[in-house]
């Protein structure tokens, strides 16, 4: 695997780990390396120090390597196959966003950066979690395809986002989290 790519993913994963966007074994980051290949963290990866051995390269056709990959690999694969602009993908669970979207159907930022980037984001409701992982790859990739948006906030589950640049991906997530923190404080 390309060392520069792994270093970039590791740097952003560490920043997201420090901000509590991803946890010890919760969350995922990936990068498209070719049309039909991507790298993603392994299922046992700890995000504060991702190294090459914590990542795995996958084809969209499942083989034995998929057993080592993050449980989110199916979702990342579906996004890469259906969203041509996706070069990097992250699945995160930022705490303020998670809290705010449990009770709200939209994120309507009131801060400058949130308003500039996202004026109004609908929160996707998965309805039930009983079969969420059986349908998540289809529903998430369909959402991105149908709405022509680069971020999906899922009630009670987290955020999926994609971008052309890894730093842009991190920025999107930070803006949403900051906006939700401000919105939560305004509700008190």
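The values are calculated or read from the model by the stated rules, or taken from the named source; none is laboratory data. The shown structure was predicted, so the numbers you read here are calculated from the model rather than taken from an experiment. Cβ sites come from the backbone with ideal geometry, for glycine too, and all protein chains shown count toward neighbours.
A few remarks follow.
- A count restricted to region 51-65 and to residues that are assigned to a helix (DSSP H, G or I) and loosely packed, with under 13 Cβ neighbours inside 10 Å stands at 2.
- Residues in region 176-188 that are more than 12 Å from residue 19 (Cα to Cα) and surrounded by fewer than 21 Cβ atoms within 10 Å (Cβ to Cβ): 181, 182, 184, 185, 186, 187, 188.
- Test for residue 5: is it more than 15 Å from the chain's Cα centre (by Cα), surrounded by 15 or more Cβ atoms within 10 Å (Cβ to Cβ) and more than 15 Å from residue 72 (Cβ to Cβ): yes
- Scanning region 77-97 for residues that are in contact with a strand residue (DSSP E or B) (Cβ under 8 Å, 6 or more places away or on another chain) and under 15 Å from residue 154 (Cβ atoms), we see that the one that is surrounded by the fewest Cβ atoms within 10 Å (Cβ to Cβ) is 93.
- Residue count for region 13-42, restricted to those that are in contact with a helix residue (DSSP H, G or I) (Cβ under 7 Å, 6 or more places away or on another chain), in a helix (DSSP H, G or I) and either surrounded by fewer than 20 Cβ atoms within 10 Å (Cβ to Cβ) or at pLDDT 95 or above (or both): 3.
- Evaluation of residue 126 against the conditions (1) free of Cβ contacts under 8 Å to residues at least 40 places away in the same chain; (2) under 28 Å from residue 34 (Cα atoms); (3) surrounded by fewer than 18 Cβ atoms within 10 Å (Cβ to Cβ); (4) touching a helix residue (DSSP H, G or I) at 6+ places or on another chain (Cβ under 7 Å) shows that the sole unmet condition is (2).
- Only residues that are in contact (Cβ under 8 Å) with a residue 60 or more places away in the chain and in contact with a strand residue (DSSP E or B) (Cβ under 8 Å, 6 or more places away or on another chain) were counted in region 133-167, giving 12.
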